[in-house]
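Below: one structure, written as structure tokens.
The values are calculated or read from the model by the stated rules, or taken from the named source; none is laboratory data. Just so we're clear, the structure is a prediction, and the values are computed from it rather than from any experiment. Positions of Cβ are generated from backbone atoms using ideal geometry, with glycine treated the same way; all protein chains shown enter the neighbour counts. Surface areas here come from the heavy atoms of the whole protein model, side chains and all, with no ligands, DNA or RNA. Shrake-Rupley method; radii C 1.70, N 1.55, O 1.52, S 1.80 Å.
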Amino acid sequence: MKSSKGKGLIGLLILLIAVGVFGYFGYDTMDDIKLGLDLAGGVSITYQAVDEDPTAEEMSDTIYKLQQRVQNYSTEAEVYQEGSNRINIDIPGVSDANAILEELGKPGSLMFTDENGQVILTGDQVASAKAGVIDQNGMKSYVVSLTFTEEGTKAFADATTANVGKRIAIIYDGTVYSNPVVREAITGGQCQIDGMTDYEEAENLAATIRIGSLSLELTELRSNVVGAKLGQEAISTSLKAGAIGFAIVAVFMMAVYLIPGVAAAIALTLYVGLIILLLSAFEVTLTLPGIAGIILSVGMAVDANVIIFTRIKEEIGHGKTVHSAIKTGFAKALSAIVDGNVTTLIAAAVLYFRGSGTVKGFATTLALGIVLSMFTALFVTRGALTALYNLGFDSAKFYGTKKEGRTINFLGKKNICFILSIVVIVAGWAGMGINKSQTGNLLNYGMDFTGGTSTNVTFNEDMSLEDLSTKVVPVVSEITGDADVQTQKVAGTNEVIIKTKTLNVEQRQQLEDAMVENFGVEADKITAESISGAVSAEMKKDAVWAVAIATVLMLLYIWFRFKDIKFAASAILALVHDVLVVLTFYAIAKWSVGSTFIACMLTIVGYSINATIVIFDRIRENLAGGLGKRDLTEVVNASITQTLTRSINTSLTTFIMVFVLFLLGVSSIREFALPLIVGIVCGTYSSVCVTGALWYVMTTWKTRREKK
């Protein structure tokens, strides 16, 4: 006994030291985390097309290609159109505009010419250009690898075939950057340029070729270092909300699950410290929605612990010893935890590789949260629980008991639930139809989707962020009727950029008059331009494709794991149901659809699939066990009833985190949090009342058809 207590004390001390160390380093590295433009500001660069009248297609293509380029600096970088021939780039987390301009390159004209000066290839026929290092017998050589478009492949094949032994010059804005010799005909659509003295030279050439492959030739119009849109107040209130929510969740876990709840609190504290360290290590750019996502992930990380603790209670209820119940509880919970997290991880991976902008940033944070939650639940929680048990907390009274009670007849209400879901979804379609007739848009699209007006105002004095939020923004909101006014300061000047929804000529004049009257601004120091949405058509298309591919892969994984496509089909239908219900909320409440909309929907999908997997895992277990001999209705009802405590407790802890965020957060956080609350409630409802019923209907329909 003394030996066990000694082991328990040592184990607990090790865990507490780990919590302290990782917590300290996590806190210490918070200043190293890259913050987004809304939190810390960054660089804003404006380019103008040399062609005074570029086509919409040329502008759109150039914006999309620039978006791909600037993601090297931050996944949260925004590229959008300003006026008819300007492109604005906002890059968060950086402060040296000159360095960015030098690395990004000057978007001029790029061409490949033969020795007679004849153009054989233009920059838009180059698909990609990457610097690289080749090691040949211990000797390093630096190269640039080029990949051409389909049109460029043919043109380059013809040119190299005709110019073997001769040189092809790469000319950018009239300057020859490289003049390599063609050694052989290159017909595969790829080639390498060698001869660079170091990697920096190779990267500079690659950057030059990349920026020269744009559809339009651009010139730099201006570059600014801009201050944060929201600033320290947003960060402090979000962190305060996170701390309060975390404390409530920890107390809830200890009150409901007793000693296992204490182990969960230790594991979750370590989880927070680790995720902060990883955000810094992976240089993830953290925006305000990102903070919300991390705080939400703390609530979701509770899920695995709840599954385990519920299993332990059940095993004790079946008459097992505490030691045996802990061991069996972890073993039985493993499949549900792994399947739920791997399914969501598949979605995160697809979103990262196929998505762009905020979708890619969201996927990074999601993946980190999933991996860490599995690690802390399966290893840290287990270690803490074992240590506490060895210390003498070995009585069943410290763990609670769950005996089988009355099975709830969920399937008896399935038709009511189906009708209710259909009514809500149809109401959403009707709401979107009404919105379309009234405003021309299905939803209340925010500035990120529809664009707006950017007004540059040079004040007579330096305006603090507090002055902007308390004095300037109310004046602008009153004139424009826009509740989502964004302001940014230009570093080193008194200039402020005010972004609003699209203003007509009369509103622009009213805003100018208000700035002059209220703040003494000189009228000639006020300029306004129309700007496009930061979420481009290509980014939306990328997001849709990413979600579609992720859905198919999740379906295949669930089918593979459960050996029954009906499990997969009903899970995916439930996800579609949740998305459509939240869409109904956006439509009827006329809630603003901004850049956080995509991340919000993806969070709901990831959250909902976890709850569904847990119920399906229990159905599979019961079918293979003693309950399999019963009527299928009893199996499904029993499985949902057995997992109901887990469904409620997990949803409640996540709800607490997001609700505190909604109460204390700034407006843009509330914009993100309220739809998540709707999604959490809806996801719980669909998992408990819809998904199992869908699987039952599919299964019994197939059985009835086979009997015929």
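Among the residues of the range 630-649, is there at least one that is small (Gly, Ala, Ser), part of a helix (DSSP H, G or I) and under 15 Å from Asp578 (Cα atoms)? Within the range 630-649, not a single residue is small (Gly, Ala, Ser), part of a helix (DSSP H, G or I) and under 15 Å from Asp578 (Cα atoms).
Applying the condition of being farther than 20 Å from Val284 by Cα and open to solvent by 20 Å² or more (accessible area, probe 1.4 Å) to the range 67-94 and asking which residue is modelled with the lowest pLDDT yields Gly83. Val251 falls short on exactly one of the conditions (1) at pLDDT 75 or above; (2) assigned to a helix (DSSP H, G or I); (3) open to solvent by less than 70 Å² (accessible area, probe 1.4 Å), and that condition is (3). Just to verify a result, which residue in the range 396-436, among those that are under 26 Å from Met254 (Cα atoms) and either among the aromatic types (Phe, Trp, Tyr) or at pLDDT 95 or above (or both), is least open to solvent (accessible area, probe 1.4 Å)? Here the residue is Tyr399. If we scan the range 33-41, do we find a residue that is surrounded by 13 or more Cβ atoms within 10 Å (Cβ to Cβ), modelled with pLDDT under 75 and on the phi > 0 side of the Ramachandran plot? Yes: one or more hits. Among the residues of the range 486-529, the ones that are open to solvent by less than 20 Å² (accessible area, probe 1.4 Å) and either closer than 26 Å to Asp448 by Cβ or assigned to a helix (DSSP H, G or I) (or both) come to 12 in all. Give the range 276-294 a look and list any residue that's at pLDDT 80 or above and buried (at least 24 other Cβ atoms within 10 Å of the Cβ), or say none. Matches in the range 276-294: none.
For the range 410-421, the count of residues that are over 24 Å from Val582 (Cβ atoms) and not in a helix (DSSP H, G or I) is zero. Residues in the range 129-180 that are open to solvent by less than 30 Å² (accessible area, probe 1.4 Å), under 21 Å from Glu203 (Cα atoms) and of a type outside the set (Phe, Trp, Tyr): Ala129, Ala131, Gly132, Val143, Val144, Leu146, Ile168, Ala169, Ile170, Ser178. State yes or no: is Ala363 touching a Gly at 6+ places or on another chain (Cβ under 9 Å) and either buried (at least 19 other Cβ atoms within 10 Å of the Cβ) or assigned to a helix (DSSP H, G or I) (or both)? Spelling it out, Ala363 is indeed touching a Gly at 6+ places or on another chain (Cβ under 9 Å) and either buried (at least 19 other Cβ atoms within 10 Å of the Cβ) or assigned to a helix (DSSP H, G or I) (or both).
Condition check ((1) free of Cβ contacts under 8 Å to residues at least 40 places away in the same chain; (2) of a type in the set (Lys, Arg); (3) within 29 Å of Phe562 (Cβ to Cβ)) across all residues:
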| residue | (1), (2), (3) |
| --- | --- |
| Thr365 | no, no, yes |
| Val371 | yes, no, yes |
| Thr386 | no, no, no |
| Leu420 | yes, no, yes |
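Would you be able to tell me the number of residues in the range 205-219 that are at pLDDT 75 or above, surrounded by 14 or more Cβ atoms within 10 Å (Cβ to Cβ) and over 20 Å from Thr113 (Cβ atoms)? Number of matching residues: 2.
Screening Glu315 with (1) surrounded by 16 or more Cβ atoms within 10 Å (Cβ to Cβ); (2) assigned to a helix (DSSP H, G or I); (3) touching a residue at least 40 places away in the same chain (Cβ under 8 Å) gives one miss only, at (3). What are the pairs, 6+ residues apart or on separate chains, where a residue within the range 121-142 that is under 14 Å from Lys65 (Cβ atoms) has its Cβ under 6 Å from a residue that is open to solvent by 100 Å² or more (accessible area, probe 1.4 Å) and at pLDDT 80 or above? The qualifying pairs are Gln125/Glu151.
Could you please give the count of residues in the range 574-611 that are assigned to a helix (DSSP H, G or I) and either closer than 20 Å to Tyr445 by Cα or in contact with a Gly (Cβ under 8 Å, 6 or more places away or on another chain) (or both)? Adding up the residues that qualify gives 25.
Does at least one position in the range 579-598 carry a residue that is small (Gly, Ala, Ser) and over 22 Å from the mean Cα position of the chain (by Cα)? Yes, the range 579-598 has at least one match.
Of the numbered criteria (1) in contact with a strand residue (DSSP E or B) (Cβ under 7 Å, 6 or more places away or on another chain); (2) closer than 30 Å to Ala99 by Cα; (3) part of a strand (DSSP E or B), the one Gly195 fails is (1). Among residues that are farther than 19 Å from Leu278 by Cα, within 23 Å of the chain's Cα centre (by Cα), open to solvent by less than 80 Å² (accessible area, probe 1.4 Å) and modelled with pLDDT of 70 or more, Tyr64 is included. Filtered by the rule that a residue be without any contact (Cβ under 8 Å) to a residue 12 or more places away in the chain and of a type outside the set (Ser, Thr, Tyr), the range 319-352 gives Gly319, Lys320, Lys327, Ala331. Looking at Val666, Val658, Val636, Val690 in this structure, which one is hydrophobic (A, V, I, L, M, F, W, C), open to solvent by less than 40 Å² (accessible area, probe 1.4 Å), within 30 Å of Thr470 (Cα to Cα) and at pLDDT 80 or above? Matching residue, one of Val666, Val658, Val636, Val690: Val658.
Considering each residue of the range 439-450 in turn, at least one proves to be part of a strand (DSSP E or B), in contact with a strand residue (DSSP E or B) (Cβ under 8 Å, 6 or more places away or on another chain) and open to solvent by less than 80 Å² (accessible area, probe 1.4 Å). When the criteria are applied in full, Arg183 fails the requirement of being touching a Pro at 6+ places or on another chain (Cβ under 9 Å) and open to solvent by 80 Å² or more (accessible area, probe 1.4 Å).
Each row is one residue, and each column tells you yes or no for (1) part of a helix (DSSP H, G or I); (2) modelled with pLDDT of 85 or more.
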{"position": "Gly299", "(1), (2)": "yes, no"}
{"position": "Ile307", "(1), (2)": "yes, yes"}
{"position": "Gly319", "(1), (2)": "no, yes"}
{"position": "Leu334", "(1), (2)": "yes, yes"}
